[in-house]
Structures are given as structure tokens and as C-alpha cells.
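Student: Structure below; questions to follow.
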Amino acid sequence: MNHASLLQFFKRSSFTYLAIEVGGESMELKQFGPARDIVVCSPGVGFVALPFDSERLPGVGELVRQGQVLMRLRRFKSYVDVVAPSDGEIARVDVVLGQFYEFGVPLVHLRESIAP
């Protein structure tokens, strides 16, 4: 079996990891699950504000970590953090800085990659 056919077999299989050594050659393959989209919605009402110690909102294509503050919602004199629910890449930003948003409105779309 050549490298190309082994790779095709692996991609079609349900395996998530394969390590093989034949005749002094070795190959290690890892396969991750399908990516999924996550919509981060407004946890309350308020005006979109910058995260603490940040000069801008995160943009499309940026990688974010689980728990990272993406933005804050300002209401009266308090703030509510809007955090990334998982690691991922920002696919779309649906907010304007300073704009008022209500509870449940989509703010950011993340593309999460599911690891084995």
C-alpha cells in the first residue's frame, strides 16, 4: 500500500490516530472531528464595549481561547463579559462598538475544531 492510498483509507475510516512503521519508514496520522459553528449570543442587554485592556474587538480569522473575553456589555454602571465558550476561530462578528443589543441576539460566530 503506497502513502496516497494509505492516506485515503485513513481519511475514510473512523480512526482518529494511526502510527505505522514499515521497512524503516514511519508515518503518524491524526484526524480531527468535523468543525462546528458556535453562535455566541448576548447574555443580557447593554451597549457593546471593548474588553478590559484591549484597544479593539476581535476580528474575523482571529483565534480565541475558551474563557477569553470577546467584548463587554455595558449597562448602567456595570459590565457583563461576553466570553468565548470554547477555543476556535472567529468566523463572523455581528456587533458595532457602542451599539445597544438585547438578550439572546447573536454577537459573534466561532468555528470550533473538535479534537479527538
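Student: Filter region 68-116 down to the residues that are among the aromatic types (Phe, Trp, Tyr), modelled with pLDDT of 90 or more and part of a loop (DSSP other than H, G, I, E, B) and list them by number. Break it down stepwise before answering.
Tutor: Step one: list which residues in region 68-116 are among the aromatic types (Phe, Trp, Tyr), which gives 76, 79, 100-101, 103.
Remaining after also requiring modelled with pLDDT of 90 or more: 79, 100-101, 103.
Passing the criteria: only 103.
Student: Could you list all residues from region 63-86 that are out of contact with any Asp or Glu (no Cβ under 7 Å at 6 or more places or on another chain) and charged (D, E, K, R)?
Tutor: Of everything in region 63-86, those that are out of contact with any Asp or Glu (no Cβ under 7 Å at 6 or more places or on another chain) and charged (D, E, K, R) turn out to be 74, 75, 77, 81.
Student: Another question about this same structure. Need a quick list: strands (runs of 3 or more DSSP E) entirely within region 7-62 having at least 1 residues that are surrounded by 13 or more Cβ atoms within 10 Å (Cβ to Cβ) and modelled with pLDDT of 90 or more. Please lay out each step first, then the result.
Tutor: Values: elements: 17-22, 25-30, 36-41, 46-49.
Counting at least 1 such residues, we get 36-41, 46-49.
The values are calculated or read from the model by the stated rules, or taken from the named source; none is laboratory data. Note that the structure is a prediction, hence the values are computed from the model and not measured. Note that each Cβ is placed from the backbone with ideal geometry, even for glycine, and that neighbours are counted across all protein chains shown.
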